[in-house]
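Asks: My structure is below; once you've seen it, I'll send some questions.
Nothing in this text is a laboratory measurement; each read-out follows from the coordinates by a stated rule. Not measured: the values here are computed from a predicted model. Note: ideal-geometry Cβ built from the backbone for every residue, glycine included; neighbour counts use all protein chains shown.
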Ligand SMILES: [Cu+2]
């Protein structure tokens, strides 16, 4: 009886583990463009990368709907918040790397009319292991002043 029970417990534990750790697969999720409230100034692309079965690096982001894209990182230097270009972002095995307001982000210049009218743009994320992952990013306008849109950086601090 005890043996039977311990087998059931072991089985449950396995099932729980499986639930928490799906097979590692490199993927890009929650992609969105935060439109700049100022016309002609750059917007920002944010997303989350989930690491796959091996370490890799995000090397570049491209889109047929965008004139120019640049990976950046916001860093603190001498108490000042500033941005610098990011050549690649390490994506650890099974890791979670967030491009988010106040941190890593992709600057977006020149969103074409088609994408603006559709309200989204297609992106291709290229990794050092040769994988290319396509993702659609919804285009979000800045929430009206005073509401903050739930964005701790106020949407301005890309
Ligand atoms: Cu930037």
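Asks: Counting other beta carbons within 10 Å of each residue's own, what order do 46, 32 fall into, fewest first?
Replies: Going from sparsest to densest Cβ surroundings: 32, 46.
Asks: A further question follows. Taking R0 as 25 Å, what's the FRET efficiency between residue 78 and residue 98 from their Cβ-Cβ distance, rounded to 0.05?
Replies: 0.50
Asks: Send over the semi-axes of segment 24-143's equivalent ellipsoid, whole angstrom and largest first, taken as the square roots of 5 times the C-alpha gyration tensor eigenvalues.
Replies: 23, 19, 12
Asks: Please identify which residues in segment 54-75 have an amide N closer than 19 Å to a label point set 7 Å out from the Cα of residue 109, following the Cα→Cβ vector.
Replies: Counting only backbone N, you get 60-74.
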